[in-house]
Every structure is written in C-alpha cells, then in structure tokens.
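The values are calculated or read from the model by the stated rules, or taken from the named source; none is laboratory data. Please read these numbers as outputs of a predicted model, since none were measured by experiment. When we count neighbours, we look across all protein chains shown, and the Cβ atoms used for this are built from the backbone with ideal geometry, even at glycine.
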Amino acid sequence: MRIRNRARKLVAATAAAGLAAVVSGCGANSVSAGGTTVNWWTWDDKQAAAYRQCATVFEKENPGVTVKITQYDVNDYFTKLLSGFVADTAPDAFMNSGQYLQQYAALKQLEPLDGYVRKSGFDLKKYTTGTDSYRYSDGKLYALPMDWAMAGLYYNDDMLKKAGYTKADIDDLTWNPDDGGTFEKMVAHLTVDSKGRRGDQPGFDKHHVKIYGIGALGVQDFTGQTSWNPLVSTLGWRPGDKRQWPTVFDFEDPRFVKTMNWVRDLTDKGYAPVEGEFTSAGNAPSSAQLLGSGKVAIANDGSWSATAYPDIPNLHYGIALNPKGPDGKRSGESNANGNMIWAGSPHKDLAWKWVSFQESEQCQTIAGRSGTFFPSIGASMDATAAALKKKGVDLGPFVTAQREGDLYASPTYGNGTAMQKTLQPLMQSFFAHDRNDDVFKQMTQDTRKLLAQKED
C-alpha cells in the first residue's frame, strides 16, 4: 500500500509539472558491456563540461566504470527528473536546487547521505558554505554543496571614468533607504538623457534616457538575489523567520517595504529601466550585453556571470561589491546547488563514490579552473580565482565577501515552485504601480499559507 501511494503521489507531481507522458527510451541506469555506467545529470552545460574532466580521472581510477554526464535545459530539467522518478529511469545522482529539496525528499526519492558520510569518513567541515541547507526537516542530509554564488556590481569602466569616478569610489559606496547614500548619487550621475544631461543635473529628461545608471532592480525574482536583496540585507532583513524551514517570509517588515519603495523610485526618477524594457521578441539581453552596449553603466549580476564579461567586444569593465549599509557593513544572500543520489538507483554505493569524488578537492580544483562556478571548498576556490586572474577576470571582491562573512545562506523552504508562481505576479504589480504597500501584507499571508503546506 505504501508503494502504491508513493507511485500515485509521483504521478500527481509529474502531472502538476505539466507532463503529458514520462520520458521514453532506454533506462537511465544501465550496465554497459564493459562494466557499470553511473549516470549524473545537470542543467548547467558549463558545469557538465567541467565535470567531464573529473569523470576522465575517475574512470581511470575505477576500471570498468563509465560516468555518463547528461545536461538538460533548465526549463525541462526538473520535469524530466520527476518523470524519471515515475518511470524508474532517473539518474543515479544529479545536481539539484534547494527549491526542490522538500518535494523530492517528501516523495522519498532522495537517498540520505549520513550513513555514507560516516562509513567513508567524509569531511563535511571542509565546505566554506556549510551543509545545513540540505538537511531536510527530518534532520537527514540529502545533498552535498557543489558550489556557492552571490551578486555583485559589474560596471563599465570607461563610463565611470568619464563621469569622474574611480575604482576606489565604487568600491566604497554606501546605501540607505532614505536618500540612497553615495550609491544613488553615483547612479544618478551615471544616468544620461538623450541630450547629454546627467540625472543629477538641471533639465534632465527621465522620459528620454540614453544611458541608465544601473540596470533593473525590480521584479526579477521574489528573493532578489541579484537585485534588491544585497541592499535590504544590510538593514538586517532576512527572507524567513527562521534560517531553515521558515514559517513565513515577512514582506510587511518596514525595512523591506521602505527598500522596495526606494527601488521603485529609482526607476520612477529615470535612473533605472523598468523590468523588460530591453526585452525584444521574448528575448532579454544579458547584463553583460547591456553593459557592453552602453545602455547601462552598472549592472547587478551574479558571480556565475563573471566569465561572460571578457567576451563582450570593446568592454572595459570592473567588478565591485554591493554597497555598505547604514552600519558600514555589506550583506547578501548566497546559495549552493546540491549533489544528490536517487533513492531508486541500483548503484548507490558507486553513485556515492562518484559524488564524493566530485566533492573532493582534486575534482573541485580540476572543474573549478573552468571558472564556470565557484567551488564550495576553500582551497579549490583559490585555484579557480588564480586561474581566472590569468585570463583577466578578478574574482577578488567575491572571495573577500565570502571570507569576511558578508553573506548569509539562502533559507531552505518548501513549495518553492508555488511560492515563485504566487509571489512573482504580486511583485510585478507593485513595480508596475498597479499595487502599493498593501501588496506586501498579501504576500506575507500567502507565504504563511504556502510554507505550512506539507509535501506528501
């Protein structure tokens, strides 16, 4: 009966994800003619390429074992996982987002790792990110952190110099929700209208802006990691009432409300574009492209985008940390993707061997040198930073923020998909001026209901 219920819940989850049928074809777990094949999935094509280098080393050290790395587009990835659970064709191990931890763990599709950790003597203390984010409400560990990420300010160095600013100026910016601090002053001065007047000069025309001082800080996502989160975080606001498995996201907090109004005012003043202004035919240019095209002077972007900026022709750029808050300190959200083993894998011990190798300093250093992600192991991160510095990419600001404790871990919470679908339109209504501060009460109430729902 328990098996039947589990299958029924999996089918329901798959249907909810919009799948008409499960993935067909050969099973994901197979035994090849020469031995055993371990399947590992990811949605990140760059990480897939990076970890194939590790797979080559692993296969040499484990004769007869083949590691098959498969990458799917992120828009299909999680539905394919669900369908694989239903059809028993899921990969032995896979990369996962914390957003889906509750759902997959509640469906009994994740293998607890605590026993493997104890038996192998695996060192959990080596992670700079910690492992609490991947402990489910039952206290068990279901993933190992693969990486870490944060947001920063990418700026057009030529525009900065033309406006009379130096690297030291942007490195020492301050912010507050009352007048925006030196951050807003810089953004205003970097903004230029079609007649060459700057945002802080008389006659500035906010309706005909040629260069925005900063990219859109509005809706993007309801956690705001690469937009408003590094600002409101400096005021002490955190998304949940608890670090892990929160019961509510307090969007009614006066600190949050005041920050959102400041962000909206920034667009109203003409210093930042409205969300979607540069979207054409459904495709939005990346922050790197906007910076390179001269449409914005500063772009809030994730650390994972660092290697994209050197590829933009004729762009001289720099990377700075987000502004300091009223207390003189910086803050921001950091998140880590997790490496998980499928509970239905016929090769669990071998899957652990591969996953634990991926999580070794040896592999993380090999893969991390690609610069496509930040390793969760300190020594490997140093190797990544050194490798990229030779290519002209300075990750120093990100490394400094992480080591100085300026980051906090994203909370692990349930019903992430429902949270996104519910909150995103409400955030959009605020920034579009369709709703005002009253929307934050509704958002808070909605999170309380959604977080109370249990996946079963």
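Listed values, structure above:
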item: Count of residues meeting criterion [assigned to a loop (DSSP other than H, G, I, E, B) and among the basic types (Lys, Arg)] in segment 330-349; result: 1
item: All positions within segment 118-132 that are closer than 17 Å to Gly405 by Cβ and in a loop (DSSP other than H, G, I, E, B); result: Thr128, Thr129, Gly130
item: Number of the exception - Glu359 against (1) in contact with a helix residue (DSSP H, G or I) (Cβ under 8 Å, 6 or more places away or on another chain); (2) assigned by TED's automatic domain parsing to the domain that holds Tyr142; (3) touching a residue at least 60 places away in the same chain (Cβ under 8 Å); result: (1)
item: Criterion: assigned to a helix (DSSP H, G or I) and of a type in the set (A, V, I, L, M, F, W, C) - qualifying residue of Phe278, Phe251, Phe256; result: Phe256
item: Candidate set from segment 57-115 (those that are assigned to a helix (DSSP H, G or I), closer than 20 Å to Met419 by Cβ and small (Gly, Ala, Ser)); member that is modelled with the lowest pLDDT; result: Gly98
item: Near pairs, Cβ below 6 angstrom, 6+ apart or cross-chain, from segment 299-314 (over 12 Å from Ser286 (Cα atoms)) to any residue that is surrounded by fewer than 16 Cβ atoms within 10 Å (Cβ to Cβ); result: Pro310/Gly392
item: Residue within segment 311-329 that is in a helix (DSSP H, G or I), over 30 Å from Thr247 (Cα atoms) and modelled with pLDDT under 90 present; result: yes
item: Unique residue being over 18 Å from Gly115 (Cβ atoms), part of a helix (DSSP H, G or I) and in contact with a Lys or Arg (Cβ under 6 Å, 6 or more places away or on another chain) when the list is Ala367, Ala387; result: Ala387
item: Inter-residue pairs, beta-carbon under 6 Å, first farther than 16 Å from Ile319 by Cα and in segment 159-178, second among the hydrophobic types (A, V, I, L, M, F, W, C) and surrounded by 13 or more Cβ atoms within 10 Å (Cβ to Cβ), 6+ apart; result: Ala163/Leu190; Trp175/Phe183; Trp175/Leu231; Pro177/Trp262
item: Selection within segment 420-448 - closer than 23 Å to Tyr136 by Cα and either outside the structural domain of Asp265 (by TED's automatic domain parsing) or crowded, with 20+ Cβ neighbours inside 10 Å (or both); result: Thr447
item: Check on Asp193, surrounded by fewer than 19 Cβ atoms within 10 Å (Cβ to Cβ) and either charged (D, E, K, R) or in contact with a Gly (Cβ under 7 Å, 6 or more places away or on another chain) (or both); result: no
item: Within segment 165-241, helices (runs of 4 or more DSSP H) holding 3 or more residues that are in the same structural domain as Pro323 (by TED's automatic domain parsing) and closer than 30 Å to Arg448 by Cβ; result: 229-232
item: Counted residues, segment 393-417 - those being crowded, with 16+ Cβ neighbours inside 10 Å and farther than 21 Å from Ser233 by Cα; result: 4
item: Whichever residue in segment 320-347 is of a type in the set (A, V, I, L, M, F, W, C) and either surrounded by 20 or more Cβ atoms within 10 Å (Cβ to Cβ) or not assigned by TED's automatic domain parsing to the domain that holds Gly181 (or both) and, among such residues, is farthest from Val232 (Cα to Cα); result: Ala343
item: Scan of segment 411-425 for residues that are part of a helix (DSSP H, G or I) and either in contact (Cβ under 8 Å) with a residue 40 or more places away in the chain or touching an Asp or Glu at 6+ places or on another chain (Cβ under 7 Å) (or both), ordered by number; result: Gly416, Thr417, Met419, Gln420, Thr422, Leu423, Gln424
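Yes/no per residue for (1) in the same structural domain as Ile341 (by TED's automatic domain parsing); (2) more than 23 Å from Asp45 (Cβ to Cβ); (3) surrounded by fewer than 19 Cβ atoms within 10 Å (Cβ to Cβ):
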{"position": "Ala87", "(1), (2), (3)": "yes, yes, yes"}
{"position": "Phe94", "(1), (2), (3)": "yes, no, no"}
{"position": "Gln102", "(1), (2), (3)": "yes, yes, no"}
{"position": "Ala105", "(1), (2), (3)": "yes, yes, no"}
{"position": "Asp114", "(1), (2), (3)": "yes, yes, yes"}
{"position": "Arg118", "(1), (2), (3)": "yes, yes, yes"}
{"position": "Gly121", "(1), (2), (3)": "yes, yes, yes"}
{"position": "Leu124", "(1), (2), (3)": "yes, yes, yes"}
{"position": "Tyr127", "(1), (2), (3)": "yes, yes, yes"}
